[in-house]
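Just so it is clear, none of the values below were taken in a lab; they were calculated from the coordinates. No experiment lies behind these values; they were computed from the predicted model shown. For neighbour counting, all protein chains shown are included, and Cβ atoms are generated from backbone atoms with ideal geometry for every residue, glycine included.
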Amino acid sequence: MTTNLLQGSCHCGAVKFEVRTPVVPAVRCNCSLCRRKGALMTPSFPAGDLKILSGEDALTLYQFNTRVAKHYFCKHCGIYPFHQTRKDPQLWRANIGCLEGIDPYTLEASVADGASLSVVEDA
């Protein structure tokens, strides 16, 4: 698993970040939120490997169900660039589609069973 320093941003460019992470093995999640947003995510990485370069004030937080995971979205364009995981709040994942120079359509992905971590049905 090769770890690279990657640049990323939301769609409108208000949020810019860098992250030190591999992109494979890529993963999708089957929880109700991830099924709807359809993002392909990086493997988990430590919180310290994510640095917001600009636009922290443009981020909005969404939490649901157990309210442990923290899903961040740009409040201008609505794109999800990264989130703090529910399984381990010390770990994060980034949206591969937000990373420069990476084509998410060329990557195979496994599916994480986030639905089984829910305490409310279909969450």
Practice problem: Rank Leu40, Phe64, Ala112 by how far each Cα sits towards the positive end of the charge dipole of the chain (+1 on Lys, Arg Cβ; -1 on Asp, Glu Cβ) and give me just the farthest. | Solution: Phe64
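What is the ratio of the Cα radius of gyration of segment 4-114 to 2.2 N^0.38 Å, where N is its residue count, to two decimals?
Values: Rg = 12.7 Å, N = 111, 2.2 N^0.38 = 13.2 Å.
So segment 4-114 has a normalised radius of gyration of 0.96.
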Quiz item: Which value in nm describes the separation of the simple spin-label points at Phe64 and Val24, placed 7 Å from the Cα toward the beta carbon?
Solution: 3.1
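Could you tell me what percent of the DSSP beta bridges with both partners in the chain are antiparallel, to the nearest 5?
Around 85 percent antiparallel, to the nearest 5.
Can you give the local net charge around Trp92? Use residues other than it whose beta-carbon is closer than 10 angstrom to its beta-carbon, Lys and Arg +1, Asp and Glu -1.
Working: positive: Lys70, Arg93; negative: Asp49, Asp88.
Net of charged neighbours comes to 0.
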